[in-house]
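To start, the structure itself, in structure tokens.
The values are calculated or read from the model by the stated rules, or taken from the named source; none is laboratory data. Keep in mind it's a predicted model, so treat the numbers as computed, not measured. Glycine also receives a Cβ, built like all others from the backbone with ideal geometry; neighbour counts cover every protein chain displayed. Quick note on the areas: whole protein, heavy atoms, side chains included, nothing else; ligands and nucleic acids left out. Shrake-Rupley method; radii C 1.70, N 1.55, O 1.52, S 1.80 Å.
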Amino acid sequence: MKVREALVHEFAGFERKLRAIARQDENAKRLMTTPCVGVLVALTFVAAVDAPDPGLSETNVRDSHGDCRVKVF
């Protein structure tokens with residue numbers, strides 16, 4: 001039981017830190033307005049697509065397997 005309580009406490013602290021980081025990032029806040037997009041997904045996406053090429057109007061970003069395309073505007 002003590003291990004479970006310790007893990008719950010650590011995860012709660014981790015989540016508070018992630019929420020604080022997301023509150024400071026405009027792109028993450030905008031992404032979180034989308035249904036089913038939470039703090040972790042928004043921050044991961046913002047970190048992966050840090051600065052799209054300003055010379056392009058849209059860019060194809062492939063996932064790690066290379067078989068899924070997402071349009072980034």
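If you go through segment 32-49, how many residues are open to solvent by 50 Å² or more (accessible area, probe 1.4 Å) and assigned to a helix (DSSP H, G or I)?
The total comes to 6.
Out of the residues in segment 50-73 that are assigned to a loop (DSSP other than H, G, I, E, B) and open to solvent by less than 90 Å² (accessible area, probe 1.4 Å), state the one that is modelled with the highest pLDDT.
Per the criteria, the residue is A51.
Find all pairs meeting these conditions: Cβ atoms under 8 angstrom apart; at least six residues apart or on different chains; first residue within segment 4-21 and in contact (Cβ under 8 Å) with a residue 12 or more places away in the chain; second residue open to solvent by 100 Å² or more (accessible area, probe 1.4 Å) and in a helix (DSSP H, G or I).
Between residues of segment 4-21 that are in contact (Cβ under 8 Å) with a residue 12 or more places away in the chain and residues that are open to solvent by 100 Å² or more (accessible area, probe 1.4 Å) and in a helix (DSSP H, G or I), the close pairs are L18/L40.
Could you list all residues from segment 1-31 that are in a loop (DSSP other than H, G, I, E, B) and touching a helix residue (DSSP H, G or I) at 6+ places or on another chain (Cβ under 8 Å)? Give the steps one after another, and end with the answer.
Residues of segment 1-31 in a loop (DSSP other than H, G, I, E, B): 1, 25.
Across segment 1-31, the qualifying residue is only D25.
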